[in-house]
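Everything on this sheet refers to the single structure shown next.
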Amino acid sequence: MKHPLARYWLTSTLLITAGCTAAMNTQLPATMPNESLINTYWKLATLGDQSVVTRENVREAHLVLHQDASRLAGATGCNTLMGSYHLENKHITFSQIATTMMACPAQQMETEHALLVALRQVVEWEVNGNKLILFGDSDEQLASFEAVHLF
C-alpha cells in the first residue's frame, strides 16, 4: 500500500458525500398535501381581511365538520358553536347554527358576531394545504382557517 492515508481520505469523502446526498433527498415536498375538510380541527385565522388573534386563557374560535350527520361543532371565541352543513362539490352551506349564550369581553363578542355572520353567507370552500378558505356569493373571502393537529 503506497498511500493508505489517501485511500482513507477518499473513502471518507465518498461516504460523507453520499450521506449528504441522501439527506438532501429526504427534504419535504415543495407543496403540502391538502388537509381534509371533514373531521379536521380548523382554527380561525382571519375574518374578511382582519387577522384573528387568540388571547391567552381564551377559547380559540374554531370549526370541526363532523362526517356523522353532517354535524358542525366548534367555538366562536366566546361560546360553543353547533349546527349542520351541506356539501355539494365546492359549495357549502351552514344551517341550524346555534351557540351557547355566555357573555364575554367585547373583542370576543365582536369575533363571535362576525364569524356567525360569515357562516350564514358562505357558499364555497377551498382547502389549500393546511388552510381552509370560505367564500361568499361574489367570491369574496369571508374567513380563513388553519388546520391544527391535536395530539
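The values are calculated or read from the model by the stated rules, or taken from the named source; none is laboratory data. It should be emphasised that the depicted structure is a prediction, and the values quoted were computed from it without experimental measurement. Glycine gets a Cβ as well: all are built from the backbone with ideal geometry, and neighbour counts include every protein chain shown. Protein only, heavy atoms only, side chains kept; ligands, DNA and RNA dropped before computing areas. Shrake-Rupley method; radii C 1.70, N 1.55, O 1.52, S 1.80 Å.
Sketch the reach of a paramagnetic label on E140 as a point 7 Å from Cα along Cα-to-Cβ, and name the residues of the stretch 117-132 whose backbone nitrogen lies under 17 Å away.
Within reach of a label on E140: 117-125.
How much accessible area per residue does the stretch 43-133 have, counting only protein heavy atoms and a probe of 1.4 Å, in square angstrom? Please list the in-between numbers first.
Numbers: 5140 Å² over 91 residues.
The answer is 56 Å² per residue.
Please check which bits of the stretch 87-105 a label hung off S70 would reach, taking the label as a point 7 Å along Cα-to-C-beta and the cut-off as backbone N under 16 Å.
87-98
Classify the stretch 74-130 as rounded, prolate or oblate, taking a ≥ b ≥ c as the square roots of the eigenvalues of its Cα gyration tensor: rounded when a/c is under 1.5, otherwise prolate if a/b is larger than b/c and oblate if not. It would help to have the intermediate numbers written out before the result.
Details: a/c = 2.52, a/b = 1.83, b/c = 1.38.
Verdict is prolate for the stretch 74-130.
Tally up the carbon and sulfur contribution to the accessible surface of the stretch 37-151 as a whole percent, 1.4 Å probe, everything protein left in place.
Details: 3350 of 6490 Å².
Carbon plus sulfur share of accessible area: 52 percent.
Full-extension gain between A98 and E124, please, as 0.36 nm times their residue separation minus the C-alpha to C-alpha distance. Display every interim value, and only then the final one.
Values: separation 26, 0.36 × 26 = 9.36 nm, distance 2.08 nm.
Gain in length upon complete extension: 7.3 nm.
Taking a ≥ b ≥ c as the square roots of the Cα gyration tensor eigenvalues, with a/c under 1.5 meaning rounded and otherwise prolate when a/b beats b/c, else oblate, which class fits the stretch 41-151? Write down the numbers at each step before the final one.
Numbers: a/c = 1.40, a/b = 1.31, b/c = 1.06.
Rounded, because the longest to shortest axis ratio a/c is under 1.5.
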